[in-house]
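*Asks:* Sending over a structure as structure tokens; questions will come in a sec.
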Amino acid sequence: MAVPKRRTSKTRKNKRRASSYKLPLVTIHTCPNCHEPKLPHRVCKSCGHYKGEEVLAVENE
């Protein structure tokens, strides 16, 4: 069984782990119905449509 000869320093450990902690970029799509920005795979907050169908009844102010 392989055993390390020396202890891994905090700096070396953190440098190795730094690449896995990058946050993904948030993608924003436009609604095909009202052309407002919305998150993908979610109901549009301004018009209530999802995949071309009205899912929520939204009151316009």
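*Asks:* Ranked from highest to lowest mean number of other Cβ atoms within 10 Å per residue, what is the order of the peptides 29-42, 12-25? Don't jump to the answer; show the numbers that get you there.
*Replies:* On the way: 29-42: 12.2, 12-25: 8.1.
Final packing ranking: 29-42, 12-25.
*Asks:* Quick one: if you stick a label point 7 Å off each Cα along the C-beta vector at Thr8 and Thr30, how many nm between them?
*Replies:* For the pair Thr8/Thr30, the computed spacing is 4.7 nm.
*Asks:* From the residues Leu25, Cys44, Val55, which one has its Cα farthest along the dipole of the chain in the positive direction, the dipole being from +1 and -1 charges on Cβ of Lys/Arg and Asp/Glu about the Cα centre?
*Replies:* Leu25
*Asks:* Taking the simple approach of a point 7 Å from Cα along Cα-to-Cβ for both Tyr21 and His41, what is their distance in nm?
*Replies:* Modelled inter-label distance: 2.7 nm.
*Asks:* Residue by residue through region 5-10, which ³J(HN,Hα) values in whole Hz follow from phi under the Karplus form 6.51 cos²θ - 1.76 cosθ + 1.60 (θ = phi - 60°), with glycine and proline marked x?
*Replies:* Per-residue couplings from phi come out as 6, 10, 6, 6, 5, 4 Hz.
*Asks:* OK, next. Leaving out same-chain residues fewer than 8 places away, which lysines sit with a Cα under 25 Å from that of Lys15?
*Replies:* Lys5
*Asks:* Let me ask something else. Quick check for me: using +1 on Lys/Arg Cβ and -1 on Asp/Glu Cβ, what's the dipole size of the chain about its Cα centre, in debye to the nearest 20?
*Replies:* On the way: 14 positive and 5 negative charges, 342 e Å.
My answer is approximately 1640 debye.
*Asks:* If you take mean projected area of the Cα convex hull in nm² from the coordinates, which of (i) 8.6; (ii) 4.3; (iii) 5.4 do you get?
*Replies:* (i)
*Asks:* Tell me the relative contact order for the chain as a rounded percent, counting alpha carbon contacts under 8 Å between residues six or more apart. Present the calculation step by step, with values, prior to reporting the outcome.
*Replies:* On the way: 46 pairs, mean separation 9.8, N = 61.
After rounding, I find 16 percent.
*Asks:* Taking θ = phi - 60°, what integer Hz values does the Karplus form 6.51 cos²θ - 1.76 cosθ + 1.60 yield along region 47-59, in sequence order, with x for Gly and Pro?
*Replies:* Result, rounded to whole Hz: 10, x, 9, 8, 6, x, 10, 7, 9, 10, 8, 10, 7.
*Asks:* Is it possible to state the helix-based mean residue ellipticity at 222 nm for the chain, with each DSSP H run of 4+ residues giving -39500 (n - 2.57), the sum divided by total residues, to the nearest 500 deg cm²/dmol? What is it?
*Replies:* Details: 1 runs with 8 residues, N = 61.
Calculated at 222 nm, the ellipticity per residue is -3500 deg cm²/dmol.
*Asks:* Something else now. Per residue, how large is the accessible surface of the chain? Use a 1.4 angstrom probe and give square angstrom. If you can, show how the numbers build up before the last one.
*Replies:* Details: 6430 Å² over 61 residues.
Roughly 105 Å² per residue, with all protein chains present.
The values are calculated or read from the model by the stated rules, or taken from the named source; none is laboratory data. Keep in mind that what you see is a predicted model, and the values were worked out from it rather than measured. Heads up, the Cβs are rebuilt from the backbone with ideal geometry, glycines too, and the neighbour counts pull from every protein chain shown. Quick note on the areas: whole protein, heavy atoms, side chains included, nothing else; ligands and nucleic acids left out. Shrake-Rupley method; radii C 1.70, N 1.55, O 1.52, S 1.80 Å.
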